[in-house]
1. How big, on average over all directions, is the shadow cast by the Cα convex hull of the chain, in nm²?
2. Within the set 50/197; 141/170; 77/197; 29/76, which residue pairs have Cα atoms separated by over 18 Å?
3. Mind checking the log10 I(q)/I(0) for the stretch 83-182 at q = 0.14, 0.20 Å⁻¹? Debye, one equal scatterer per Cα, no solvent, two decimals.
4. Given the -39500 (n - 2.57) contribution per DSSP H run of 4+ residues, what per-residue ellipticity at 222 nm results for the chain, rounded to the nearest 500 deg cm²/dmol?
5. With a point put 7 Å past each Cα toward its Cβ, work out how far residue 153 is from residue 134 in nm, to one decimal.
6. When you count, for each residue, the other Cβ atoms within 10 Å and take the mean per peptide, how do 148-156, 176-184 rank with the highest first?
7. For the chain, what does the relative contact order come out to in percent, with C-alpha contacts under 8 Å and a separation of six or more?
8. Extension gain residue 92-residue 30, at 0.36 nm per residue separation less the Cα-Cα distance, in nm?
Amino acid sequence: MTAAILETAKKFAQEQFEVLCKSTPGAPKFIETYEDVNLAAPGMLDLIRKHNSQCDAFVIACHCDPNLDVLKETSKKPVVGIGEASLRIAAMMGRRFSIIQTTEESIPMKEALVRKYRLQNALASIRAPNPEQQKMDEYKKYMTIARAAMEEDRADVIVLGCAGLTGMDKRLQNELGIPVLDGVGCGLTMALALLQKK
């Protein structure tokens, strides 16, 4: 997942800025629960402190924005969560957005995140593959649930709700005909915008 995130970030940067992509030491491989968020906190704080002098901004490349508030307190530099960035951009791009998750277990945490950012009125749905869909080819699986969100929930923007789905946005968007947002690109977009305001 870290390698895929780095690839997306490098394509976005187009050699205009340098990207440093680090996995969080001591964190679970996948953040799905509040316990996972807490376990990731020490390593995330360590990374921010260790790289604070050499980096202009930080992007938390996990869509549930783990420990974002405390990380913003830790650095005076912009700290952006890809969840917040993509949800806010989605609300600006359309009337109703749907979030595509990788697991059904992570849906309650994403519902709480949407409420935190006060975007529940723009939320059409949060969908994840059911057990039968989990057996499908990776792309077909997410295309199936994205299409259902568009046709059944009337979403006019799709948000990829996990950094592990990075790189899938353009292909989905071309097939669906509506915006599909990759959180990694949205996080970098927001970080650059914040740097230009300084």
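Every read-out reported here was derived from the displayed coordinates using simple, explicitly stated rules and does not represent laboratory data. Nothing here was measured: the structure is a model prediction, and the numbers come from that model. All Cβ positions, even for glycine, are placed from backbone atoms using ideal geometry, and neighbour counts span all protein chains on display.
1. Numbers: hull surface 43.5 nm².
Hull-based average projected area comes out at 10.9 nm².
2. On the way: 50/197 24 Å; 141/170 16 Å; 77/197 12 Å; 29/76 28 Å.
The pairs that break the limit, which is 18 Å between Cα atoms, are 50/197; 29/76.
3. For the stretch 83-182 at q = 0.14, 0.20 Å⁻¹, log10 I(q)/I(0) is -0.44, -0.94.
4. Numbers: 8 runs with 97 residues, N = 198.
Taken over the chain, the calculation gives -15000 deg cm²/dmol.
5. Simple spin-label model gives 1.9 nm for this pair.
6. Order by mean packing, descending: 176-184, 148-156.
7. On the way: 322 pairs, mean separation 47.8, N = 198.
Reported as a whole number, the value is 24 percent.
8. Working: separation 62, 0.36 × 62 = 22.32 nm, distance 2.87 nm.
Extra length available between residue 92 and residue 30 comes to 19.4 nm.
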